[in-house]
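Please read the structure below before turning to the comments.
The values are calculated or read from the model by the stated rules, or taken from the named source; none is laboratory data. Quick caveat: nothing in here was measured; it's all calculated off a predicted structure. Ideal geometry is used to build each Cβ from the backbone, glycine not excepted, and the neighbour counts take in all protein chains shown.
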Amino acid sequence: MSAVSSFSEGQIEALSRLLGECGSGTDITRVLNDRGLVDGSMESTKWRRLYWVFLDSQRQLGCGNRVVDFIQSYLTPARFVGRSSEFEIQRQELNLILAFSGLEFGADGKFRTRETATTLDEAEQRTRTIRAKFAGRRIHPEVIKYCRAELLQENYFHAVFEAAKGLAQRIRDMSSVQLDGAALVDQVFSVDRPILAFNTLQTETERSEHKGFAALLKGCFSAVRNPLAHQPKLLWQGEDDAADYLSLISLLHRKLDDCVWTRM
């Protein structure tokens, strides 16, 4: 990357506080050493260490390149394997700060330039994406497995579509039944002769629960996957709902985690 203008002191503080929450003191020391950054701060608090190092590097070089280099090494996507939603949350918060410098940290772990934001509203609008809505949600690994490429491209229309298709594929893999949609659910989760069961089906309450989650599965295919398959992407207004769709699919995957095979 070409020379990056020095960050303001306010940005340096915001970056330091954010990055200080993204790892341990040992992580920070390792990356500082790896990138040749000397910590002469004599501070023990993580963000204060970074604050001193970043300001010192900018004073020495007259640019923010070593700050950017540290971030790229420290927030490499490989560190967040199995914690993709955490990575996306941190990335969006980072981009809110970087927007005022005309920089963006991509989902691929690389920096790119973009038009500089001039107001907080403009910066926040840029980072108002589904990934920021992942905060506090448990996104199941099976969801990421089927729509990772679409999420990396910020293609939420197809991310939801692929996640719903992946849900059906997992049921087929678990049951060996090669049907789809409602027909697949009806055969696999039949109350009278189920192939997979959400519980022991020993009481009326358990049978009701089993039927309820089977209905949720069918509803997911009917309300999420089928409309997306037939609706032009241009007309889709689902970005604000996509986080909820992926949370629903995650819930259903967690229920599948606990399903038991009922036929010998």
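Assess whether PHE54 counts as being modelled with pLDDT of 95 or more and either crowded, with 17+ Cβ neighbours inside 10 Å or over 30 Å from ALA243 (Cβ atoms) (or both). Yes: the conditions hold for PHE54.
Looking at the range 77-90, is at least one residue under 20 Å from GLY109 (Cβ atoms) and modelled with pLDDT of 95 or more? Within the range 77-90, none of the residues are under 20 Å from GLY109 (Cβ atoms) and modelled with pLDDT of 95 or more. Between ALA214, ALA229, the distinction of being within 18 Å of GLY181 (Cα to Cα), touching a helix residue (DSSP H, G or I) at 6+ places or on another chain (Cβ under 9 Å) and modelled with pLDDT under 95 belongs to ALA229 only. Apart from one condition, ALA149 fits all of (1) among the small types (Gly, Ala, Ser); (2) over 22 Å from LEU251 (Cβ atoms); (3) modelled with pLDDT of 95 or more; the exception is (3).
Considering the range 18-36, and only residues there that are touching a helix residue (DSSP H, G or I) at 6+ places or on another chain (Cβ under 6 Å) and in a loop (DSSP other than H, G, I, E, B), the residue that is farthest from ASP69 (Cα to Cα) turns out to be CYS22. Only one of the numbered conditions (1) farther than 13 Å from LEU252 by Cβ; (2) modelled with pLDDT under 95 is violated by GLN187, and that is (2). Quick check: anything in the range 160-183 under 21 Å from VAL224 (Cα atoms), in contact with a His (Cβ under 9 Å, 6 or more places away or on another chain) and either outside any helix (DSSP H, G or I) or not assigned by TED's automatic domain parsing to the domain that holds VAL224 (or both)? No, that holds for no residue.
Take the conditions closer than 16 Å to PHE7 by Cα, hydrophobic (A, V, I, L, M, F, W, C) and either over 20 Å from the mean Cα position of the chain (by Cα) or surrounded by fewer than 19 Cβ atoms within 10 Å (Cβ to Cβ) (or both) and apply them to PHE100. Does it pass?
Values: closer than 16 Å to PHE7 by Cα: yes; hydrophobic (A, V, I, L, M, F, W, C): yes; either over 20 Å from the mean Cα position of the chain (by Cα) or surrounded by fewer than 19 Cβ atoms within 10 Å (Cβ to Cβ) (or both): yes.
Taking the combined requirement at face value, the residue satisfies it.
Looking across GLU154, GLU206, GLU162, one residue alone is surrounded by 13 or more Cβ atoms within 10 Å (Cβ to Cβ) and either touching a Leu at 6+ places or on another chain (Cβ under 7 Å) or modelled with pLDDT under 85 (or both). It is GLU154. Listed by first and then second residue, the pairs linking a residue in the range 88-112 that is closer than 17 Å to GLY20 by Cβ to a residue that is of a type in the set (S, T, N, Q) and in a helix (DSSP H, G or I), with Cβ atoms under 9 Å apart and 6 or more places separating them unless they lie on different chains, are ILE97/GLN11; LEU98/GLN11; PHE105/GLN72; PHE105/ASN95.
Considering the range 38-75, and only residues there that are part of a helix (DSSP H, G or I) and touching a residue at least 60 places away in the same chain (Cβ under 8 Å), the residue that is farthest from THR26 (Cα to Cα) turns out to be ASN65.
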